[in-house]
Every structure is written in C-alpha cells, then in structure tokens.
1. Compute the helix-to-body angle for 51-61: its Cα long axis versus the longest principal axis of the chain, expressed 0 to 90° and rounded to tens.
2. Starting from the 7 Å offset along Cα-to-Cβ, what nm value, one decimal, do you get for the label separation of ALA19 and ARG53?
3. Roll a 1.4 angstrom probe over the protein heavy atoms and tell me the percent of accessible area of the chain that is carbon or sulfur.
4. Select from segment 1-76 those trypsin sites (Lys or Arg not before Pro) which occupy a DSSP coil region and have at most 15 other Cβ atoms within 10 Å, ordered by residue number.
5. Quick one: order MET1, MET31 from most to least accessible surface, probe 1.4 Å.
6. Test of the criteria: in segment 17-110, which chymotrypsin sites (Phe, Trp or Tyr not before Pro) are in a DSSP loop and have at most 12 other Cβ atoms within 10 angstrom of their Cβ?
7. If each DSSP helix of 4+ residues adds -39,500 (n - 2.57) and the sum is divided by the residues in the chain, what number results at 222 nm, nearest 500 deg cm²/dmol?
8. Choose one answer from PRO123, PRO108, PRO77: the residue with the largest mean-square fluctuation in a GNM of the chain with alpha-carbon springs under 10 Å.
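The values are calculated or read from the model by the stated rules, or taken from the named source; none is laboratory data. Everything numeric here is computed off the predicted structure, so don't read it as measured data. All Cβ positions, glycine included, derive from the backbone under ideal geometry; neighbour counts span all protein chains shown. For accessibility, only protein heavy atoms count, side chains too; no ligands or nucleic acids. Shrake-Rupley method; radii C 1.70, N 1.55, O 1.52, S 1.80 Å.
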Amino acid sequence: MRRAYDRTVPEGLLVTGDALCALNPVFGQGMSTAALAAVALDESLAAGTSNRRTQAALLAASGHAWAISTGADKARPGVTGNAANQSLRDRFTGWYLARVQERCGVNPEVQDTFRQVLALVAPPTELFRPAVLRSVLFEKGAPADAAPPLRL
C-alpha cells in the first residue's frame, strides 16, 4: 500500500513510515526506505519547504523500493486487479530483470549493480549502464574465466 498524502494532509501533519508506504517484507527494504525518508525529511525541514512539498518528498523517497516490490509481485501467479494487467513495458522489464538475474551468476559487475539496486544504494537506472546492458543483451553462457558451478 502506498498513498499520496501531499494534497490531503492538513498543514503541520506529516505521514511517514508504513502509513505512507507499506512494502512487501520479503524484499527487506523497510529500513533502507525509512532511512531515505529520514534524509528527505531532514532536507525538507532544513530548506523550510512547505508541508505539501515535504509530504511529496517523503513519498518520493519510497519510489524505488515500491517499484521493485510491486514489479516483482506483478509477475506472481494469482495476481488480480490492476496488478494483473501487464503493459508492454511491464513485460519488457520482467524479461530484462530475468536476464539480469541470469547474468548475476557469471558477471560480477552485473551482480554488484543488481545488489546495489535491490539494497536501494543505487537507482534502478544503473541496471542500464553500458557494461550491464551489454552483458544482459549480448553475452551468452559463462565467461571463460568464470569458476565452474558447484556440484553438491
């Protein structure tokens, strides 16, 4: 659940935390999102921004985590309602992220970038840096210097 309160909350009241954006706990992004919201609040208060803009900044602080969580949830079996309607963009994003995950096992740069995005340390646009994009779109199989997979 994510709510935009920037037009409805009275002056002097700010909504934050799970009341503003409740994420799927499976992704483990709650504390990172809370920290990003604290930074947004600190910057807004220091700049003396209006209640409305501060509330909008708090909502924006959860944007990447919300996109990651809901994007992954859309592809789950049994999803209903608006989430079940996948656009062409949603389908491409799902395909691209599946390729990113495949490449994580054989390309350390893709793995590091993906981890940083999931941990909210880097924005999702980092997954489209030239080196990551090249690996995701054009590399096949494991690189020559990759260690063989573990056999248990």
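1. Helix 51-61 and the main axis of the chain meet at about 10 degrees.
2. 2.3 nm
3. 59 percent
4. Those that pass, being in a loop and sparsely packed, are ARG3, ARG7.
5. Greatest to least solvent exposure: MET31, MET1.
6. Filter output for segment 17-110: empty list.
7. -16500 deg cm²/dmol
8. PRO77
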